[in-house]
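Here is the structure we will look at.
Values quoted throughout were computed directly from the atomic coordinates according to the rules given, and no laboratory measurement underlies them. Everything quoted here is computed from the prediction, not taken from an experiment. Here the Cβ positions follow ideal geometry from the backbone for every residue, glycine too, while neighbour counts run over all protein chains shown.
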Ligand code: FES
């Protein structure tokens, strides 16, 4: 549920403990330039990273099994459809049909053990 109080709009995605490092991620309803969109968060290298749930090759969701964004090595995010794999921290595609392209980063933050989406933050 959106929290519109205070100077920064943000809404809770999940508890931080629900995101094991290199483990299952969480899908959430995001907003992209004011339009509802599917997003996801994962933890990697101790930090939480958020992206649009959309492959850079063809705009379909990455996870065939919900929340299963990592490859078997737990080192890369992988598209279940055609196997593009991405750096978890930058979203850069390192191999596959869209090598060199990037996932769309979403602004997320972890505060007091909770993970939030910041829809009004600049999206890079
Ligand atoms: S749709 Fe993701 S690699 Fe082609």
Pick from 97, 59, 88: which residue has the top mean-square fluctuation in a GNM of the chain where Cα pairs under 10 Å get a spring? 59
Of 58, 13, 78, the one that fluctuates the most in a GNM where the chain has Cα springs shorter than 10 Å: 58
Under the definition of Cα pairs under 8 Å and six or more residues apart, what whole-number percent is the relative contact order of region 29-113? 23 percent
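Using a 10 Å cut-off around each Cβ, can you sort 115, 109, 41 from fewest to most neighbouring Cβ atoms?
Numbers: 115 22, 109 15, 41 26.
Placing the least packed residue first, the sequence is 109, 115, 41.
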Under the 7 Å Cα-to-Cβ spin-label approximation, residue 111 and residue 87 lie apart by a distance in nanometres of 2.8 nm
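Test of understanding: ordering 32, 44 by Cβ neighbours within 10 Å, fewest first, what list do you get?
32, 44
Could I get the Rg over Rh figure for the chain? Both from C-alpha atoms, Rh via Kirkwood, rounded to two places.
Values: Rg = 13.7 Å, Rh = 14.4 Å.
Ratio value, two decimals: 0.95.
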Could you identify which residue out of 24, 52, 72 has the top mean-square fluctuation in a GNM of the chain using Cα springs shorter than 10 Å? 72
Ranking of 57, 33, 82, 49 by count of other Cβ atoms within 10 Å, fewest first: 33, 82, 57, 49
Simple spin-label estimate for residue 102 and residue 65 in nanometres, 7 Å along Cα-Cβ: 3.1 nm
